[in-house]
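The values are calculated or read from the model by the stated rules, or taken from the named source; none is laboratory data. Keep in mind it's a predicted model, so treat the numbers as computed, not measured. Here the Cβ positions follow ideal geometry from the backbone for every residue, glycine too, while neighbour counts run over all protein chains shown. Heavy atoms of the whole protein, side chains included, go into the accessibility calculation; ligands, DNA and RNA do not. Shrake-Rupley method; radii C 1.70, N 1.55, O 1.52, S 1.80 Å.
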Amino acid sequence: MKKATISIVLMISLLFHAFGDEDEIMPYVNSISSEDVDLLFKVMRKPKFPESLRSKGFSSGRVHLLLELHFDGELRDWIVTYASHRDFAESIESVIEEWEFSPPKRKGKPVSLIVPVEVSFRASGDAVIFNATNGLNHMMSSQYGYSSFDTIKIADVDNLDKFPEPVNVVRPKVPKSLIRKSDGSYGVFRFFIDTEGRVRLPHVDHVRGGKVDVRLLEAAQDALEEWEFIPPTVRGKKVIVELKQPFLFQRTR
């Protein structure tokens, strides 16, 4: 069972040069320290500026994605939350498995986390810039409302054709002894539903009602990963949406 994933307020901005020998492996190393979280990662192969877009006159592009990093440094999952054009997202998809990460640490201890990453493409120039800044809010703001068919964006729940309906719900399996210790408390998880109705990147948003045993949160996260939904849509088109789900830890009476 993996450790419950927490969301760390951390933004990484990357600017990739589009010229030169694009097939050459040129590792870009970045060491990040923010809010007492330390992370070292290497981009072993940079994404290419899509030639299909260059020929159409595109000069720049931008992609936002979320990476789920395990406490041992493994990239467990990732999802594109915004792309100015789908081809930019596909460019990253073709190389992301070659990115390497050291075990993330918080206060010196390994921790699983969600890392938001922004990748900026330029069709000219020779700069490769890594900037770590605080703040996840602007990435999750209303600018991700649904629009053009060539873009990828997080849909606003209010714009969905109907609220996502679960078709498979899995209950957490935990010993009653653990529930007794956390009776009446609950954990709220934030997660995404992708265009296939799958749950992606579930992580603890907050806990209320008292101290919750981390094993309960792990069990709830594992169960939530197995949930399935009718794919969310906006005007009939499948989209990605972000939701929250509470889990109440309470003894049966």
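Here are a few things to note about the model shown:
- Options 183, 205: the member that is farther than 26 Å from residue 91 by Cβ, open to solvent by less than 60 Å² (accessible area, probe 1.4 Å) and in a strand (DSSP E or B): 205
- Restricting attention to region 163-179, the residues that are in a helix (DSSP H, G or I) and loosely packed, with under 11 Cβ neighbours inside 10 Å add up to 2.
- Of everything in region 85-119 that is part of a strand (DSSP E or B) and farther than 20 Å from residue 45 by Cα, the residue that is most open to solvent (accessible area, probe 1.4 Å) is 109.
- Failed condition for residue 239, given (1) open to solvent by less than 40 Å² (accessible area, probe 1.4 Å); (2) over 19 Å from residue 81 (Cβ atoms): (2)
- Set 10, 39: member being buried (at least 21 other Cβ atoms within 10 Å of the Cβ) and at pLDDT 60 or above: 39
- Test result for residue 195, among the polar types (S, T, N, Q) and modelled with pLDDT under 75: no
- Among the candidates 213, 194, the residue that is in contact with a helix residue (DSSP H, G or I) (Cβ under 8 Å, 6 or more places away or on another chain) and open to solvent by less than 40 Å² (accessible area, probe 1.4 Å) is uniquely 213.
- Number of the exception - residue 119 against (1) closer than 15 Å to residue 240 by Cβ; (2) β-branched (Val, Ile, Thr); (3) modelled with pLDDT under 85: (1)
- Residue within region 122-144 that is surrounded by fewer than 19 Cβ atoms within 10 Å (Cβ to Cβ), at pLDDT 75 or above and within 21 Å of the chain's Cα centre (by Cα) present: no
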